[in-house]
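Q: One structure, as structure tokens, below. Some questions next.
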Amino acid sequence: MNIIEIRGICKTYDKKTLPVHALNGIDLTFQKGEFASIVGPSGSGKTTLLNIIGGLDDPTDGVILIDGVNITALSGRKKTQFRMKNIGFVFQSFNLIPVFTVKENVEFIMHLQGISKEEREKRTNELLDAVGLNDKKNNRPNKLSGGQQQRVAVARALASKPKFILADEPTANLDSKSTENLLDIMEKLNQEENITFIFSTHDSRVVNKARRVITIEDGKVISDISN
Amino acid sequence: MQTYFKLAWRNIWRNKRRTLITTASIFFGVLLSTFMTSMQEGSYSQYITSIVNSYSGYLQIHKKGYWNDKIINNSFLFDKNIESNLKSIKKITIYTQRLETYSLASSEDVTKGVMVMGIDPEKEDKITNISGKLKHGRFLKNGDNGIILGSGLARFLKLKINDTLVLIGQGYHGAGAAGKYPVKGIIKHPSPELDRILVYMDIKNCQDLFSAPDMLTSVVIMVHDNDEVTLVKNELVQLTDYNTEVMDWQEMNRLLLKQIESDRIGGVITKGVLYMIIAFGILGTVMMMAERKKEFGVIMAVGMQKYKLIFIVILETIFLGMIGVIAGTVASIPLLYYFLFNPIPLTGQAGEMVLQMGFEPAMFFSMTPSVFYEQALTIFIFTLIIGIYPVLNIRKLKVMNALRS
């Protein structure tokens, strides 16, 4: 079952002055439970593609369907709501809310969704158990290592029970031990709970774990290999 | 909602030093502007009270045209009808009758134009406290045939207690007026001008002297406080006939009001400059809020609507403003309380000037609620207006641009 359908996506920056074609007609589909990496050299368009799939950026042309919903046609407010309910994000530089504790960071999206306090607490505990940080739940992000912060970011991304998680260079700021730990957690969540992960990465360790590797160059898919 | 409040509150303390500097600028702004307003309003109030209690009262009834042409021919008959009307208005605490006119006053070899004020000694004293201003002798009793003089006039005419003063003038409708009166008391009137020309005498004697039996030039009326003046005035206007007019203290003291008004404008300008300085201090902090673009981008990326983000930033501005405003207001209370009972004395030329105007030479303070809430509210509104800046920034914010910043 396809949860993401990408049809003829193009993205051109600075159309009027000096056009840069970041994406040139991308067609892809992702199914529930995939653990996929989008790889390519810097400037190949992988982050742009991830941003467009996540509804953070608009394509110049083409359509993205998520569970049959054309998100490129949604208004700003509806797109924000759609993101909140359906898409989890993990950023390269963690981007946790610095004034919130680990627990509050994870709860935040559930709060936006209007989930009850009891349910929020239950799910936060489950997620922090899953990423091995329940003992740090009352700490603020600045008291955690980079690896720990990124695990909190994964827990936050999962909090809203999204249809899939988009992770943009999630290991770029982590040492090898933290990277391994993080990848193990994400792989476990993928295998045991069938959560879909799509990464954009340069990191060979991430690529090695991925069951599908999509290579992009000059805004085009040049290979799409599934193990 | 609690989460948004928590987020906003913690955000303002992310940079403690910056927040403390900003709230301190608001604190001092509120404190200074409250202090200044209290001093202005307290002094104005003192001037008004002084003028109301020393001469005009809160309200007066005259014959139409008397105020612009103060001659004895513009007097009116004080009949039972007026008296019962005055007694029927419950808010009137006391009233008294006066017959005021001008005459020549002579002692042994000196003559001077004076203002003769026929009064009901008992009631007049309750209003203007003449007995409290006595320097020599005693105050008049009802029906007394003596007179009271201002000390300046007594000095000019070289009169002492029990000396005789001769009054020669024109009575009602051109009748001759002449009489001899023993000096019973000498007062120090707060107005130096009146101190040099004022002669008080019992109203009956005065009416006899000027051939104006039962005639008055004014009825002076007191109420509990200034708030009741308009109400009582309206009632009086309904009850008095077309021949008389009712004037309130503001109409009778237009010059003082103009002076107060121009002084108040000066105060507004000074406070305006103060507010601007504070505003720039707050703006610095608020601009830094707008610089948290990336953080805003992340929050919007994970699904927070812009209007909620705007709400949080407005809350941050409100918290900043409230801390400074509340602290400034609370700190100003004991300070003003102290000065309320210990006015700052005015010395030198400034003191002389105020004294010449007939007022006590001191800076008085007021603690009416408006002194506090008007300043607090003004600075709070300033803070909110400055808070529009980050709101406009967030409205324009695009998630992608914010994430890239």
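Q: Give me the accessible area per residue for segment B:320-400, probe 1.4 Å, as a whole number in Å².
A: Result: 56 Å² per residue.
Q: I want the local charge near B:V237. Using Cβ-Cβ distances under 13 Å, sum +1 for each Lys or Arg and -1 for each Asp or Glu among the other residues.
A: Residues near B:V237 contribute -3 overall.
Q: Turning to a different aspect of this structure: Do any of A:K163/B:K306; A:K11/A:K46; B:K16/B:K271; A:K46/A:K85; A:K79/B:K306 go past 21 Å between their Cα atoms, and which?
A: Over 21 Å apart, Cα to Cα: A:K163/B:K306; B:K16/B:K271; A:K46/A:K85.
Q: To continue, here is another question. Per-residue HN-Hα couplings for segment B:19-34, Karplus 6.51 cos²θ - 1.76 cosθ + 1.60 at θ = phi - 60°, whole Hz, x for Gly and Pro?
A: 5, 5, 5, 5, 5, 5, 5, 5, 4, 5, x, 5, 4, 5, 5, 5
Q: Another question, then. When the Kirkwood radius is taken over all Cα pairs of chain B, what Stokes-Einstein diffusion coefficient follows at 10 °C and 1.306 mPa s, in µm²/s?
A: Value of D from the Cα-based Kirkwood radius: 62 µm²/s.
Q: Shielding by partners for B:302-314, please: the mean number of other protein chain Cβ atoms within 10 Å of each residue's Cβ. Don't skip to the answer; put the middle values down first.
A: Working: counts 17, 17, 7, 6, 3, 1, 2, 0, 0, 0, 0, 0, 0.
For peptide B:302-314, the averaged partner shielding equals 4.
Q: Quick one: work out the % antiparallel among DSSP beta bridges in the protein assembly as shown, nearest 5.
A: The antiparallel fraction comes to roughly 70 percent.
Q: Which loop-located chymotrypsin sites (Phe, Trp or Tyr not before Pro) does segment B:1-106 contain, where loop means any DSSP state but H, G, I, E or B and the Cβ has at most 13 other Cβ atoms within 10 Å?
A: Details: sites: B:Y4, B:F5, B:W9, B:W13, B:F27, B:F28, B:F35, B:Y44, B:Y47, B:Y55, B:Y58, B:Y66, B:W67, B:F76, B:F78, B:Y95, B:Y102; in loops: B:W13, B:Y58, B:Y66, B:W67, B:F78.
Taking segment B:1-106 and a limit of 13 other Cβ atoms within 10 Å, the loop chymotrypsin sites (Phe, Trp or Tyr not before Pro) found are B:W13.
Q: Which Cα, out of B:S211, B:G65, B:L283, lies furthest along the positive dipole direction of chain B (beta carbon charges, K/R +1, D/E -1)?
A: Checking the options against the dipole of chain B, the answer is B:L283.
Q: I would also like to ask the following. With the full set of protein chains in place, find how many percent of the accessible area of segment B:65-241 is carbon and sulfur; take the probe as 1.4 Å. Before the final figure, lay out the partial values.
A: Numbers: 4040 of 8270 Å².
It is 49 percent, rounded to a whole number.
Q: What total accessible area, in Å², is buried where chains B and A meet, using a 1.4 Å probe and rounding to the nearest 100?
A: So the total buried area for this chain pair works out to about 2100 Å².
Q: Students often forget the sequence filter, so: which lysines lie under 29 Å Cα-Cα from B:K160 once same-chain residues fewer than 8 apart are removed?
A: By straight Cα distance, B:K160 reaches B:K112, B:K123, B:K126, B:K133, B:K135, B:K141, B:K180, B:K184, B:K188, B:K204.
Q: Report, in degrees rounded to the nearest 10, the 0 to 90 angle that the Cα long axis of helix A:146-159 makes with the longest principal axis of chain A.
A: In chain A, helix A:146-159 runs at an angle near 80 degrees to the longest axis.
Q: When DSSP assigns beta bridges and you keep just the ones with both residues in chain B, what percent turn out antiparallel, to the nearest 5?
A: Close to 85 percent.
Q: Probe radius 1.4 Å, ligands and nucleic acids ignored: give me the carbon and sulfur share of the accessible area of chain A as a rounded percent.
A: 45
Q: From the C-alpha gyration tensor of the protein assembly as shown, pull out the three semi-axes of the equivalent ellipsoid (sqrt of 5λ each), sorted largest to smallest, in whole Å.
A: 89, 22, 20
Q: List every residue whose amide H lies under 5 Å from the amide H of B:L346, counting only residues 5 or more places away in sequence or on a different chain, with H placed 1.01 Å from N in the peptide plane.
A: So B:L346 has HN proximity to B:A362, B:M363.
Q: Now a separate question. So which trypsin sites (Lys or Arg not before Pro) in segment B:317-401 end up in coil per DSSP with only 15 or fewer other C-beta atoms within 10 Å? List each step's numbers first, then the result.
A: Details: sites: B:R395, B:K396, B:K398; in loops: B:K398.
Answer by residue number: B:K398.
Q: Relative contact order (percent) for segment A:2-226, with alpha-carbon contacts under 8 angstrom and 6 or more residues of separation?
A: 30
Q: Size of segment B:65-241 along its principal axes in angstrom, Cα-based, largest extent first?
A: Rounded to whole Å, the extents work out to 51, 36, 28 Å.
Q: Can you tell me the dipole magnitude for segment B:1-72 around its Cα centre, using point charges on the Cβ only (Lys, Arg +1; Asp, Glu -1), in Debye to the nearest 20?
A: 600
Q: Here is a further query. Measure nothing but the geometry: give the 0 to 90° angle between the long axis through the Cα atoms of B:254-290 and the longest principal axis through the Cα atoms of chain B, rounded to 10°.
A: Roughly 10 degrees, rounded to the nearest 10.
Q: What are the equivalent ellipsoid semi-axes of segment B:110-182, built from the alpha-carbon gyration tensor (square roots of five times its eigenvalues), in whole angstrom, biggest first?
A: Taking √(5λ) for each eigenvalue gives 21, 17, 11 Å, largest first.
Q: Using only the alpha-carbon atoms of chain A as identical scatterers, what base-10 log of I(q)/I(0) does the Debye formula give at q = 0.07, 0.10, 0.15 Å⁻¹?
A: At q = 0.07, 0.10, 0.15 Å⁻¹ the computed log10 ratios are -0.21, -0.44, -0.99.
Q: Right, something else. Given a cut-off of 11 Å, what percent of all Cα-Cα pairs of segment A:140-185 lie beyond it?
A: When all Cα pairs of segment A:140-185 are counted, 67 percent exceed 11 Å.
Q: Next question. For helix B:229-239, report the angle its Cα long axis makes with the longest principal axis of the Cα atoms of chain B; keep it between 0 and 90° and round to the nearest 10°.
A: 50
Q: Something else: Suppose every K and R has +1 on its Cβ and every D and E has -1 on its Cβ; what is the size of the dipole of segment B:65-241 about the Cα centre, in Debye to the nearest 20? Please list the in-between numbers first.
A: Numbers: 22 positive and 22 negative charges, 124 e Å.
Dipole size: approximately 600 debye.
Q: Using DSSP to define loop residues, name the chymotrypsin sites (Phe, Trp or Tyr not before Pro) in segment B:233-331 whose beta-carbon has at most 14 other beta-carbon atoms within 10 Å.
A: When the chymotrypsin sites (Phe, Trp or Tyr not before Pro) of segment B:233-331 are filtered for loop state and at most 14 Cβ neighbours within 10 Å, B:Y242 remain.
Q: Just going by the charge dipole of segment A:2-226, with Lys and Arg at +1 and Asp and Glu at -1 on Cβ, which of A:I222, A:L128, A:P19 is farthest out on the positive end?
A: About the Cα centre, the residue reaching furthest to the positive side is A:L128.
Q: Can I ask one more? Could you size up the charge dipole of the protein assembly as shown around its Cα centre, putting +1 on the beta carbon of Lys and Arg and -1 on that of Asp and Glu, and report it in debye to the nearest 20?
A: 1660
The values are calculated or read from the model by the stated rules, or taken from the named source; none is laboratory data. This structure is a prediction, so every number in the text was calculated from the model and none was measured. Here the Cβ is made from the backbone with ideal geometry for all residues, glycine too, and neighbour counts use every protein chain on show. Ligands, DNA and RNA are stripped out before the accessible areas are found, and what is left, the full protein with its side chains, is counted by its heavy atoms. Shrake-Rupley method; radii C 1.70, N 1.55, O 1.52, S 1.80 Å.
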